[in-house]
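As structure tokens, the structure follows; a few thoughts come after it.
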Amino acid sequence: MKSILSKETITKLEQMDYLEDILRTLYSGIENNFYSEEEMENDLEAVLWLAYVYINYDTYSAYLKAERLLKKVEKKGEKSGVWCYRYASSLLFLKKYELALKYCEQATENDPEYPWGWLLLAKMYYKFNENEKAFKAIESGLKLVPNDYEFITLKKEIENGESFSKIINHYIDEEYDKSRTDDEDRLERLEKEIADYKKRYTGRTKQKC
């Protein structure tokens with residue numbers, strides 16, 4: 001299925017380091033009348049990039065956006081390992097753990113060559129106390145990316161019985177992750193954001209068009 005994004009645009013997106021640049025590039029297509037916002041939100045490739053940005057923003061409202069956008073293209077993406085992985089990621093941080101596990105398993109079935117599906121699957125198995133399955137998922141991932149920092153760290157932390165909150169609180173960049181001094185509980189912080197979000201929006205009447 002052809003994307004509304006040109007090959008040149010996708011290549012540019014793949015080379016970008018900053019989330020804001022990715023968003024700016026995607027929305028510039030609307031500003032330049034290459035496509036509409038509705039077309040962008042119904043295009044699998046564009047939505048995968050949007051979801052990538054929102055998931056990495058790491059806030060409750062951003063995870064909600066990612067989930068909504070990904071759900072919108074579910075029929076186009078359900079056979080994609082990347083779509084399932086991103087959808088599972090958003091579900092995880094919205095605390096929809098059973099659904100997250102389901103889509104993690106689907107991600108590795110759809111695309112067993114995509115290593116990050118195995119990484120998230122291992123984390124979700126650990127969440128449900130399926131340690132043996134978690135180690136097997138890690139083994140599958142390490143075959144694809146030998147000696148990868150995230151997989152090695154996850155394996156050690158499962159062996160040490162670390163909390164689920166700790167194992168999902170790492171960064172891809174090994175040097176940055178090791179140099180961190182904060183001891184943030186990611187799930188606890190998101191729990192506060194959820195409470196604040198509900199306090200602000202629950203019971204509000206939607207405006208009529």
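Taking only the Cα atoms of the chain, the ratio Rg/Rh comes out at 0.98, with Rh defined as the Kirkwood radius. For the chain, excluding the exposed loop sites themselves (trypsin sites (Lys or Arg not before Pro), DSSP loop, at most 14 other Cβ atoms within 10 Å), the longest remaining stretch covers 96-179.
Counting protein heavy atoms only, the stretch 109-155 has 46 percent of its accessible area on carbon and sulfur, 1.4 angstrom probe.
Sequence-ordered 3J(HN,Hα) estimates for the stretch 123-138 from the Karplus curve with 6.51, -1.76 and 1.60 and θ = phi - 60° stand at 5, 5, 4, 5, 4, 9, 6, 9, 5, 4, 5, 4, 5, 5, 5, 4 Hz, glycine and proline given as x. How far is helix 44-57 tilted off the main Cα axis of the chain, in degrees rounded to 10, range 0 to 90? Tilt relative to the chain: about 60 degrees. Across all Cα pairs in the stretch 68-107, the calculated P(r) in 5 Å bins from zero up to the longest distance comes to 6, 31, 37, 22, 5 percent per bin.
Using bins of 5 Å that start at zero, the share of Cα-Cα pairs per bin across the stretch 28-79 amounts to 4, 23, 27, 23, 17, 6, 1, in whole %.
Treating r as the C-beta distance of E132 and Y171 and R0 as 30 Å, the FRET efficiency rounds to 0.65. Name all residues of the stretch 1-29 having a backbone nitrogen under 11 Å from the label point set 7 Å from the Cα of K75 along its Cα→Cβ direction, giving them as ranges. Of the residues in the stretch 1-29, none has backbone N under 11 Å from the label point off K75.
Against the main long axis of the alpha-carbon atoms of the chain, helix 149-159 sits at an angle near 50°.
The values are calculated or read from the model by the stated rules, or taken from the named source; none is laboratory data. Since we're looking at a predicted model, the values are computed, not measured. Counting neighbours? That spans all protein chains shown, and the Cβs are built from the backbone with ideal geometry, glycine included. Heads up: the accessible areas ignore ligands, DNA and RNA and are worked out on the full protein's heavy atoms, side chains in. Shrake-Rupley method; radii C 1.70, N 1.55, O 1.52, S 1.80 Å.
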